[in-house]
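Peer 1: Before we start, here is the structure in question, set down as structure tokens.
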Amino acid sequence: MRAEENGRCITKLENMGFRVGQGLIERFTKDTARFKDELDIMKFICKDFWTTVFKKQIDNLRTNHQGIYVLQDNKFRLLTQMSAGKQYLEHASKYLAFTCGLIRGGLSNLGIKSIVTAEVSSMPACKFQVMIQKL
């Protein structure tokens, strides 16, 4: 696949994830109390949202208290199957693009505009960086 084609594919997956994230967050929060603040929302994403989607909580949430959050999943469900072979590392970005969209869409429906990126240093662990954009 050419780089241009791959880029389009990743954008499409991220957009699909965004729409799915928006829909899921609507369903998951219809019976929850209002969130106090940004950190409260991020905790909800790491615990409830992640558990419902991936059957486990995020392993680690860090923040610099200036709008950047790092969500670490040490055994990311979508990468565990392919982590056995190194040849699949190049395909990891597609799975991560959808998940970045999922997070961004969920946050968007909770009133938070963000940029979400992912990085994999050693499979199946990965980190999602969420940069909150102030309006």
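The values are calculated or read from the model by the stated rules, or taken from the named source; none is laboratory data. Nothing here was measured: the structure is a model prediction, and the numbers come from that model. Please note: Cβ atoms are built from the backbone with ideal geometry, for glycine as well, and neighbour counts cover all protein chains shown. The accessibility values were calculated without ligands, DNA or RNA, using every heavy atom of the protein model including side chains. Shrake-Rupley method; radii C 1.70, N 1.55, O 1.52, S 1.80 Å.
Peer 1: Which members of segment 21-38 meet the condition of being part of a helix (DSSP H, G or I) and open to solvent by 60 Å² or more (accessible area, probe 1.4 Å)?
Peer 2: Glu26, Arg27
Peer 1: May I ask you to list the residues in segment 111-133 that are farther than 10 Å from Tyr69 by Cβ and of a type in the set (Gly, Ala, Ser)?
Peer 2: Passing the criteria: Gly111, Ala118, Ser121, Ser122, Ala125.
Peer 1: In addition: If a residue has to be charged (D, E, K, R) and within 26 Å of Gln133 (Cβ to Cβ) to count, how many in segment 46-68 make the cut?
Peer 2: Of the residues in segment 46-68, 4 are charged (D, E, K, R) and within 26 Å of Gln133 (Cβ to Cβ).
Matching residues to (1) in contact with a His (Cβ under 8 Å, 6 or more places away or on another chain); (2) modelled with pLDDT of 95 or more; (3) open to solvent by 10 Å² or more (accessible area, probe 1.4 Å):
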{"position": "Lys75", "(1), (2), (3)": "no, no, yes"}
{"position": "Leu89", "(1), (2), (3)": "no, no, yes"}
{"position": "Arg104", "(1), (2), (3)": "no, yes, yes"}
{"position": "Ser122", "(1), (2), (3)": "no, no, yes"}
{"position": "Val130", "(1), (2), (3)": "no, yes, no"}
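Peer 1: Under 6 Å between Cβ atoms, at least 6 apart or on separate chains: pull out the pairs that start in segment 26-54 with a residue that is closer than 17 Å to Gly101 by Cα and free of Cβ contacts under 8 Å to residues at least 40 places away in the same chain and end on any residue that is open to solvent by 20 Å² or more (accessible area, probe 1.4 Å) and among the basic types (Lys, Arg).
Peer 2: Phe54/Arg77
Peer 1: Restricting to segment 39-58, and then to whatever is part of a helix (DSSP H, G or I) and under 12 Å from the mean Cα position of the chain (by Cα), can you tell me which residue is nearest to Lys75 (Cα to Cα)?
Peer 2: That would be Phe54.
Peer 1: Within 26 Å of Glu5 (Cβ to Cβ), modelled with pLDDT under 90 and small (Gly, Ala, Ser), is that true of Ser93?
Peer 2: Yes: the conditions hold for Ser93.
Peer 1: Further, regarding this structure: Quick one: Leu61 ticks every box in (1) of a type outside the set (Asp, Glu); (2) farther than 29 Å from Arg8 by Cβ; (3) open to solvent by less than 70 Å² (accessible area, probe 1.4 Å); (4) not in a strand (DSSP E or B) except a single one, so which number is it?
Peer 2: (4)
Peer 1: Based on what the data block shows, is Ser93 open to solvent by less than 50 Å² (accessible area, probe 1.4 Å) and without any contact (Cβ under 8 Å) to a residue 60 or more places away in the chain?
Peer 2: No, not satisfied.
Peer 1: Looking at Leu71, Leu39, Leu24 in this structure, which one is in contact with a helix residue (DSSP H, G or I) (Cβ under 7 Å, 6 or more places away or on another chain) and within 18 Å of Gln129 (Cα to Cα)?
Peer 2: Checking each option against the conditions leaves just Leu71.
Peer 1: Filtering segment 1-20 down to residues that are among the hydrophobic types (A, V, I, L, M, F, W, C) and at pLDDT 95 or above, which residue is surrounded by the most Cβ atoms within 10 Å (Cβ to Cβ)?
Peer 2: Phe18
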